[in-house]
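Down below is the structure, laid out as structure tokens.
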Amino acid sequence: MPGPGSDYFMIARVVQPANRGLQVSGKIQAVRGMNDILPEHSHLWQFLEDCTREALESAGYREIRLPLVERTALFSRAIGEVTDIVEKEMYTFEDRNGDSLTLRPEGTAGCVRAGIERGLFHNSQPRLWYSGPMFRHERPQKGRYRQFHQIGVEAYGMDGPDVDAEQILLLRRLWERLGIRAELRLNSLGTPEARRDYRAALVRYFEAHAGQLDEDSQRRLHTNPMRILDSKNPALFDLIDAAPRLPDYLDDESREHFSRLCRLLDDAGVEYVLDPRLVRGLDYYTRTVFEWVTDALGAQDAVCSGGRYDGLVTQLGGRPTPAVGFALGMERVIALIEQQAPERPPRMLPHVYVVHSGEQAERLAFEVSELLREQVEGLRLMLNCGGGSFKAQFRRADNSGAAVALVIGEEEAGTRTVQLKPLREHSEQQAVKLEALPAAVAALIN
Ligand code: ATP
Ligand code: MG
């Protein structure tokens, strides 16, 4: 295994205390490929998160929260030594006590690690989901980042294809809810034995055409020949098209498994494309593999990928436990929502902005705000903080997007009334007594 310090590993250097002083002058920029998600975008993320949580929890999937950092050996064992991720994309570093740790490049390995370690797979068939950042040292471009986010879904202890179909249907429903379109590509990789035969046939074929292979593929020929099929180099497309096809090597059981899956999808009216070259970049897949792709995002066409990984739990030291799961790329799905969703999910604007001037008015403004927050369900209320003239406060009220301002001056403070002033329509402001205010505001927001 390539060790830390070798060319294969990206070493994330810890800034030592002695160096910190060097960074005080000048602007410090974000790390390349790692994005801020700004407030003007975060409501789209929340929309995606809410819809997914709702879809998953209603089908019995429960959230698991996993560490962002795991031992390096977990990923090299689970994902495979000769995959792109392990060979060249991991953020691996040495902990202060010399352990080799890695920022997670994906979630399945950690989920399986947790399941074995915490006994989640004993006599039960957990359906789990998680979400959060993943880290891969890739070349940043639109739709491809070094810190990106996934929602991951995993189901254990069921050998399918019913649960495979369940997950695909869940995704179809989710796309519908989000207002986006994607195309489903489907394949079966069969058992490890069937794959061994296929792999041998592939090696024979590509060896016979070795002259046409690019450098990457030459290297993979004897380490991971199936990955050649996944090459994004157009010069290889014809050669790859004519290569032996995986479906011709499937064992009978996998063939039956796959046709049952297709039948369930047909019954449900799911459209899909059978793609015999779909192999996926991670080594742990067996039988069902799928990918949802789009032509709306340029070269980064996969929005969600998954499949069955029946061997992984034993490979990581657990008892035999079949499993199936997928991961959805949140940045890409959000880009699709922005492009395709007929109605963009609205940003939550405040209903009410409280404007006040003078010390007594400030005290009443706090009282009013707490009263309304307590009594008016669902109310979004912003209280002016930081002082300012009435003019400045009204400008803030306007910018906040609120529908009405509640105005409190010294006079209102004396009579315990509030001026209710519509901001978006031309109607008169009205004075409302404190006792009548909750009902008046409640009427406004419904
Ligand atoms: P790709 O073929 O685009 O490299 P992958 O096969 O590496 O994808 P997976 O490891 O299966 O992808 O991850 C699942 C999903 O996560 C992908 O379908 C994609 O939407 C998203 N994804 C993967 N890598 C990145 C990245 N670097 N930046 C943003 N999203 C990503
Ligand atoms: Mg990739």
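Some notes on this structure:
- Within region 258-311, restricting attention to residues that are small (Gly, Ala, Ser) and under 26 Å from residue 334 (Cβ atoms), the residue that is nearest to ligand 2 (Cβ to nearest atom) is 281.
- If you go through region 140-196 and keep only what is surrounded by fewer than 22 Cβ atoms within 10 Å (Cβ to Cβ), of a type in the set (Gly, Ala, Ser) and within 16 Å of the chain's Cα centre (by Cα), you end up with just 143.
- Only one entry of 105, 126, 67 meets the criterion of being in contact (Cβ under 8 Å) with a residue 24 or more places away in the chain and surrounded by fewer than 15 Cβ atoms within 10 Å (Cβ to Cβ), and that entry is 67.
- Residue 80 meets the conditions (1) crowded, with 18+ Cβ neighbours inside 10 Å; (2) modelled with pLDDT of 95 or more; (3) of a type in the set (Gly, Ala, Ser) in every case but one. The failed one is (2).
- Close pairs from region 302-316: first in the same structural domain as residue 327 (by TED's automatic domain parsing) and in contact (Cβ under 8 Å) with a residue 24 or more places away in the chain, partner basic (Lys, Arg) and assigned to a strand (DSSP E or B), Cβ under 8 Å, at least 6 apart: 307/287; 308/287; 310/287
- Scan of region 405-433 for residues that are more than 46 Å from the chain's Cα centre (by Cα) and not polar (S, T, N, Q), ordered by number: 409, 410, 411, 412, 413, 414, 416, 428, 431, 432, 433
- Residue in region 77-93 that is away from ligand 2 (no atom under 16 Å from the Cβ) and small (Gly, Ala, Ser) present: no
- Neighbours by Cβ (under 7 Å, 6+ apart or cross-chain): first from region 86-100, charged (D, E, K, R); second part of a strand (DSSP E or B): 94/100; 95/101; 99/71
- Residue satisfying all of: in region 256-279; modelled with pLDDT under 95 and not hydrophobic (A, V, I, L, M, F, W, C); farthest from ligand 1 (Cβ to nearest atom) among these: 276
- Scanning region 246-279 for residues that are assigned to a helix (DSSP H, G or I), surrounded by fewer than 22 Cβ atoms within 10 Å (Cβ to Cβ) and under 26 Å from the mean Cα position of the chain (by Cα) yields a single hit, 265.
- All of 119, 110 fail the test of being at pLDDT 95 or above and under 13 Å from residue 325 (Cβ atoms), apart from 110.
The values are calculated or read from the model by the stated rules, or taken from the named source; none is laboratory data. These numbers come from a predicted model, not from an experiment. Backbone-built Cβ (ideal geometry, glycine too); neighbour counts: all protein chains shown.
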